[in-house]
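Peer 1: Pasting a structure here, questions to come.
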Amino acid sequence: MGTLWRRHVCAVLLAALVLPGAAGAAALKKASFVPLWSPQAQFAGYYVALDKGFYRRHGIDLTILAGGPDVCATDYLRSGRADFALLWLTTALQQRAKGVPLVNVAQIVQRSSMLLVTKKSSGIKAPAEMNGKKVGLWGGDFAIPPRAFFEKYHLKVKEVPQSYTVNLFLRGGVDVASAMWYNEYHTILDSGVDPDELRVFFLQDYGINYPEDGLYTLEATCRRDPQLVSGFVQASLEGWAYAFAHPDEAIDLVMRQMREAGVPANRAQQQWMLARMRDLILPCGGNGPIGRLQPADYATVTRELQRDRIVRSAPGYREFVWRSDASH
């Protein structure tokens, strides 16, 4: 754990200790937040922040809405059913290009966790050897990074729709599958496949490093109540710091959320997921700022989305990113 990150964890935990009562006398502001999916450790920091009272200490009576396959976080944000939403950067840029005035208020996952995985028995050792192979792809925005990978390496693959399971891959229905490091990759291992039987292509290692989970709200919310936005971001970061410092307690809370939502719960997988979220949320080397979308990453993603004609234009960094310590 890097020095700056240790200092940050200490700072946010100290803030959590000294803030109780700071907003106690004032009326709490009601707000809502919708995650990207059903309860799982990918969202542990927010559940922890809610359970430990961090949002209330920042003056917010937060409701975490149910996410899942039938919930579009962007629609919730655009329609006002949620004040804050968790979105991938690629999703947010596309919605912004469509006229939705959303802004990034914190970048939680700093880099891509997406990978393509194949069995060594497929004979695929390098990207070029995926040419002509059957590759499982999720729909929507989840297809953007692997397609950028195919474009970069001039690959013509046979795209096969992939469900939310990896059963097709396990049964040999595709040569290559899409997977998130914190989720499906562990599911493959948990099915009995030895890591040595697999060959993994992390997209970030091949120059396709698209930051994923970020916190978003509408421009109007920032103008109307910047204190609310700042408090939501700070409490969320405190939640992540606490979750990483107390992983067993965080997993207990995630498991409870999953049971209440009727989601099958596997503690070992959730422990793996929380550990990987720590790897993804902490900056490389552990010495950079957390919670901030880096200008270089933003420039890379906007350039590549425009190159692939996924968006025609993109706002400038300072227009797209809102910070409480900025002049806007």
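The values are calculated or read from the model by the stated rules, or taken from the named source; none is laboratory data. Predicted, not measured: the structure shown is a model, and the values here were computed from it. Counting neighbours? That spans all protein chains shown, and the Cβs are built from the backbone with ideal geometry, glycine included. Accessible surface is based on the protein model in full, side chains and every heavy atom, while ligands, DNA and RNA are left aside. Shrake-Rupley method; radii C 1.70, N 1.55, O 1.52, S 1.80 Å.
Peer 1: Net charge within 11 Å of Lys30 by Cβ-Cβ distance, Lys/Arg positive one each and Asp/Glu negative one each, not counting Lys30 itself? Could you put the intermediate results ahead of the total?
Peer 2: Values: positive: Lys29; negative: Asp61, Asp83.
In short, -1.
Peer 1: Carbon and sulfur atoms: what percent of the 1.4 Å accessible area of the stretch 104-244 do they account for?
Peer 2: Values: 2740 of 5610 Å².
Carbon with sulfur: 49 percent of the solvent-accessible area.
Peer 1: Can you figure out the FRET efficiency of Val193 with Ser163, using R₀ = 22 Å and their beta-carbon distance, to the nearest 0.05?
Peer 2: On the way: r = 18 Å, r/R0 = 0.82.
Computed FRET efficiency for Val193 and Ser163: 0.75.
Peer 1: Can I ask one more? If R0 is 25 Å, what FRET efficiency do you get for Leu65 and Phe142 from their C-beta distance, rounded to 0.05? Walk me through the intermediate numbers first.
Peer 2: Numbers: r = 21 Å, r/R0 = 0.85.
With R0 = 25 Å, the Cβ-Cβ based efficiency is 0.75.
Peer 1: Separate question: Please calculate how many Å² of accessible area the chain carries per residue, with a 1.4 Å probe and no DNA, RNA or ligand atoms counted.
Peer 2: Numbers: 14600 Å² over 328 residues.
Each residue of the chain exposes 45 Å² on average to a 1.4 Å probe.
Peer 1: For a label point 7 angstrom out from the Cα of His154 toward its Cβ, which stretches of the stretch 163-206 have the backbone nitrogen within less than 19 Å?
Peer 2: Taking a point 7 Å out along Cα→Cβ of His154, the residues of the stretch 163-206 whose backbone N falls under 19 Å are 206.
Peer 1: Continuing with the same structure: Can you tell which of Ala97, Leu87, Ser121 lies farthest toward the positive end of the dipole of the stretch 73-134, using +1 and -1 charges on the Cβ of basic and acidic side chains (Lys, Arg; Asp, Glu)?
Peer 2: Ser121
Peer 1: Further question: If each DSSP helix of 4+ residues adds -39,500 (n - 2.57) and the sum is divided by the residues in the chain, what number results at 222 nm, nearest 500 deg cm²/dmol? Mind showing how you got there, number by number?
Peer 2: On the way: 14 runs with 137 residues, N = 328.
Result for the chain, helices only: -12000 deg cm²/dmol.
Peer 1: OK, next. In nm, to one decimal, how far is the modelled label at Gln306 from the one at Arg171, with both set 7 Å along Cα→Cβ?
Peer 2: Rounded to a tenth, the inter-label distance reads 4.5 nm.
Peer 1: What full-extension length gain, to one decimal in nm, is calculated for Ala261 and Asp248 as 0.36 nm per residue of separation minus the Cα-Cα distance? Write down the numbers at each step before the final one.
Peer 2: On the way: separation 13, 0.36 × 13 = 4.68 nm, distance 2.00 nm.
So the chain would gain 2.7 nm between Ala261 and Asp248.
Peer 1: Within the chain, how many Lys pairs that are eight or more residues apart, or on different chains, come under 16 Å at the alpha-carbon?
Peer 2: 10
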